[in-house]
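Reviewing the structure listed below.
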Amino acid sequence: MEGMQEKPPESSSFAPRSEEPTDSPRGPEVLPPEESEVCARALETTPKKLCGYLSKFGGKGPIRGWKSRWFFYDEKKCHLYYSRTAQDVNPLDSIDLSSAVFDCKADSEEGTFEIKTPGRIITLKAATKQVMLYWLQQLQMKRWEFHNSPPAPSAAADAALAENGPALRLELEQEEAELEEFLCPVKTPTGLVGVAAALQPAPAMPLALQNISLKHLGTEIQNTMYNIRGNKQSQGTGHRPPGEDSPLIGEPQREEQSSPPDPSTPGKGPSDSPKPTPKSSLTANLIQKAKRQNNTFPLFAEGLTRNRTPQEKALALEQQVLMLTKELKSQKELVRILHKALEAAQQEKRASSAYLAAAEDKDRLELVRHKVRQIAELGRHVEALEQERESLTQTVSLLEQQVQELEQHVQLLMEKNQAKQQVICVLSEKVTQDFLHPPNQPPKPSDAADRDFLSQQEKMEHLKDDMEAYRTQNHFLNSEIHQVTKIWRRVAEKEKALLMKCAYLQAKNCQVESKYLAGLRRLQEAMGNEASECAELLRQLIQEALQWEASDASADGVELSPIREYDEYGFLTVPNYEVEDLKLLAKIQALEVRSHHLLAHEAVERPLRERWAALGELAPSAELKQLLRAGVSCEHRPRVWRWLVHLRVQHLQTPGRYQELLSRGQACKHPAARQIELDLNRTFPNNKHFTCPTSSFPDKLRRVLLAFSWQNPSIGYCQGLNRLAAIALLVLDEEESAFWCLVAIVETIMPADYYSKTLTASQADQRVLQDLLSEKLPRLMAHVGQHRVDLSFITFNWFLVVFADSLISNILLQVWDAFLYEGTKVLFRYALAIFKYNEEEILRLQDSLEIYQYLRFFTKTICNSRKLRNIAFNDMNPFPMKQLQQLRTVHRERLEAELRELEQLKAEYLETRASQDPVVPEGCTSEDEGEA
């Protein structure tokens, strides 16, 4: 027993205990190689943790200086926690690495590096340069893994991940390989980082007080009390005399003792128990010691072994049960919401039925009040959506500020890197010059020469060390810039996603407002001209709805894609109707246009602009054809139209032709000048460029039409050419380009005699359209034929002016994009698509007057350009050009035969009149008699 008491107490915390006979003294135990290998394998199987001792510079006053701290990384939060020792339960503080950058300066002390966060700068020091590089590289990799870690996937995302799992893993492996190739991994310092570092004693400081954190004094006291309490518990659980070494803290009693003592023999000590084999005892104690040491680390949820205990399995099952319970609760909530929606729909149906069945005005008034309450609820819902939009806008602004800060930081790093590279180059050149051209100095004694040589050699070594340090720093900063750039790109992608979400919410807001206005319009139609309080309230609500604009909802809001009073080409976005009912209809139409524009802005228009920007030089191809059908973006449309027009009229264009025609018009007045002047004031009354008195567009249009009348005397001027030239002027903004665009349409794209006095080709196309409508839309043609409606009264102007007066501006210009490239076939496709788009609405009308009134303005109600384009170029297929040419030929021959027959009848009538003598009826005086 005396030998056991003479054992130093320090050995109890570092050497495993094995029981020996009492008659032999106990000395320090040394592990055989076999046990060391077993313990090393046990430690290697544990998951790697980023932890270890570093020195942190901090404090105030006399205790300011380096303090030894135990650092460990939390992967879930991307935080680097630190405490005084590895055995402390509560960390002193943490460092947020998600937005931090790392820096190491070549002129600082060896092993020193900095972690810079938006709020502070933390200076740390490692034991060696290798440990410093290891920490920097691991922190970079942890930050990168945190930013690339996907959020918790939903059920649909899990299924998609299961299908695309191999591809995603391959992509991640490629990114990791690229990162490792960019910055070679640093070897792990043995015993200085990771779990093995916790088994080593904490680095000693000159003063014990200097290592204590006065800023976190409460946490220090809690950790100290916990360690004292743990030591007392470990001493109280032993079954040995006081002199015997105590087991480690936290070791279970069943692991301390190989066999419990017999309670019937009080004097029997531990030496009476059976002695286990030394090898198994040493190995088991080492593994248990590693387990206990690992379990004392804060925030380490895993032990050194990967085997899960029954308690952990039960805890995992409980978590799964909680998750399933939450999912079941959410499904029940969804069912409840659907039940409520069904009840609301049934209640709406019953209210409508009651309104129709009500015989007294009092009952109808009550139903109208119920509708007004529903409208108020919709208004509150609109306000809630506006508040959500404002919050999203603020989030976007914050993200923009963060991106700007990151850009500034990257710029500073790049400038710093460039300056250091210049210093390295200057030093390298200086060293080279010193070697090649040593300075001429007088001969020195041998001792002085030796001293000079040694000093030069020492300077060379210092310069080499400096170059190596700068090279390491340069390599690290390049890696930092590389990773910060990737993080900035990811932030930009997140900002783009938020902008798309904001645009989607704005579109939904417009749809809700449109439904609100449609409800007001239906109530107005239902109430008629009744004079009551509800009617007055309804009129007031309509007046407020017409005056309210979405742009006035929030002064600080950001308009993603604003819909102004006029569009890019000067057309009114909301038609100016004089009738109150039509004003409400125009506001509903404007809201639908805004909704479609917002939904298509990010998903369709931006990729389309990128494709046009990447197209480069234009050339006829299938890809160009598909792009023109999808529409040209505003910034590329003038360039594309000039190329299309030049493709059509390059055999007619001569330099100075337009100016020559203008000079001829100034020298001699053309007979069509009077008709041109009359039509100038009728050109696009809904466009500000042709209605403003100070605008230059009417004068440009006049010169273009006069020049064309001299260019093509067989036509001169025909009503409708003013609209074609006006569209060309609005897009191309140059008189000569607009003139050649008009020439291309009339003389190369349209058939001959399309704008002649007889309009033969135009009439033939109307008959061709009738045949195509009978083939593609037989139900519609049967319906209008039953009511004796002639569609050519509506469609004749469509073809003559290429839909210039019919469609809203954005759809109209998409039609022209394809028309200038493909020709008149596009007109037939879009004419059929317009009737197909509104076929169901026309079939509901049962009166010829209602059909004519609807056909007058129904093209202005088309807002979804993607749907119309899909019908025109997909649903109307097959559409062979050969069939179109055959139909044109047949109907043109029939028209010419009818015209010849009319001319023959006219000639016979004139001959008959000429062969008869004029006979004056009795009682009437002739002209000669009247003069007498």
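Quick notes on this one:
- Taken together, 354, 314 contain a single residue that is modelled with pLDDT of 80 or more, more than 24 Å from residue 512 (Cα to Cα) and open to solvent by less than 60 Å² (accessible area, probe 1.4 Å), which is 314.
- Of all residues in region 603-619, none satisfies the criterion of being under 20 Å from residue 748 (Cα atoms) and either touching a Gly at 6+ places or on another chain (Cβ under 7 Å) or in contact (Cβ under 8 Å) with a residue 60 or more places away in the chain (or both).
- Qualifying residue in region 640-660 (condition: among the acidic types (Asp, Glu), open to solvent by less than 50 Å² (accessible area, probe 1.4 Å) and farther than 27 Å from residue 868 by Cα): no
- Inter-residue pairs, beta-carbon under 8 Å, first in contact (Cβ under 8 Å) with a residue 40 or more places away in the chain and within 16 Å of residue 412 (Cβ to Cβ) and in region 107-119, second open to solvent by 100 Å² or more (accessible area, probe 1.4 Å) and not aliphatic (A, V, I, L, M), 6+ apart: 118/405
- Entry remark, region 779-812: residues being over 16 Å from residue 687 (Cα atoms), open to solvent by 10 Å² or more (accessible area, probe 1.4 Å) and among the β-branched types (Val, Ile, Thr) number 2 in total.
- Tally, over region 713-735, of residues that are open to solvent by 20 Å² or more (accessible area, probe 1.4 Å), in a loop (DSSP other than H, G, I, E, B) and in contact (Cβ under 8 Å) with a residue 24 or more places away in the chain: 6
- Within region 813-848, considering residues that are of a type in the set (Lys, Arg) and under 22 Å from residue 731 (Cβ atoms), the one surrounded by the fewest Cβ atoms within 10 Å (Cβ to Cβ): 825
- All positions within region 736-777 that are buried (at least 17 other Cβ atoms within 10 Å of the Cβ) and not in a helix (DSSP H, G or I): 750, 753, 754, 755, 759, 777
- Pairs with Cβ under 6 Å, 6+ apart, first in region 866-884 and closer than 13 Å to residue 837 by Cβ, second open to solvent by 20 Å² or more (accessible area, probe 1.4 Å): 868/837; 871/836
- If the condition is being of a type in the set (D, E, K, R) and closer than 15 Å to residue 482 by Cα, then region 388-411 contributes only 407.
- Pick from region 826-885, criterion outside any helix (DSSP H, G or I) and within 24 Å of residue 796 (Cβ to Cβ), ranking: nearest to the chain's Cα centre (by Cα): 862
- All of 110, 114 fail the test of being touching a helix residue (DSSP H, G or I) at 6+ places or on another chain (Cβ under 8 Å) and acidic (Asp, Glu), apart from 110.
- Of the residues making up region 748-762, not a single one is at pLDDT 95 or above and either in contact with a Ser or Thr (Cβ under 6 Å, 6 or more places away or on another chain) or of a type in the set (Phe, Trp, Tyr) (or both).
- Being in contact (Cβ under 8 Å) with a residue 40 or more places away in the chain, in contact with a Cys (Cβ under 8 Å, 6 or more places away or on another chain) and aliphatic (A, V, I, L, M) holds for only one residue in 385, 392, 406, and it is 392.
- Within this structure, residue 856 passes the test of being closer than 24 Å to residue 570 by Cα and surrounded by fewer than 21 Cβ atoms within 10 Å (Cβ to Cβ).
- Residue-level check: of (1) over 22 Å from residue 745 (Cβ atoms); (2) at pLDDT 90 or above, residue 850 misses just (2).
- Flag if residue 421 is assigned to a helix (DSSP H, G or I) and within 21 Å of residue 518 (Cβ to Cβ): no
The values are calculated or read from the model by the stated rules, or taken from the named source; none is laboratory data. Because the structure is predicted, anything quoted here is derived from the model rather than measured. Counting neighbours? That spans all protein chains shown, and the Cβs are built from the backbone with ideal geometry, glycine included. Calculation scope for accessible area: heavy atoms of the full protein, side chains included, ligands and nucleic acids excluded. Shrake-Rupley method; radii C 1.70, N 1.55, O 1.52, S 1.80 Å.
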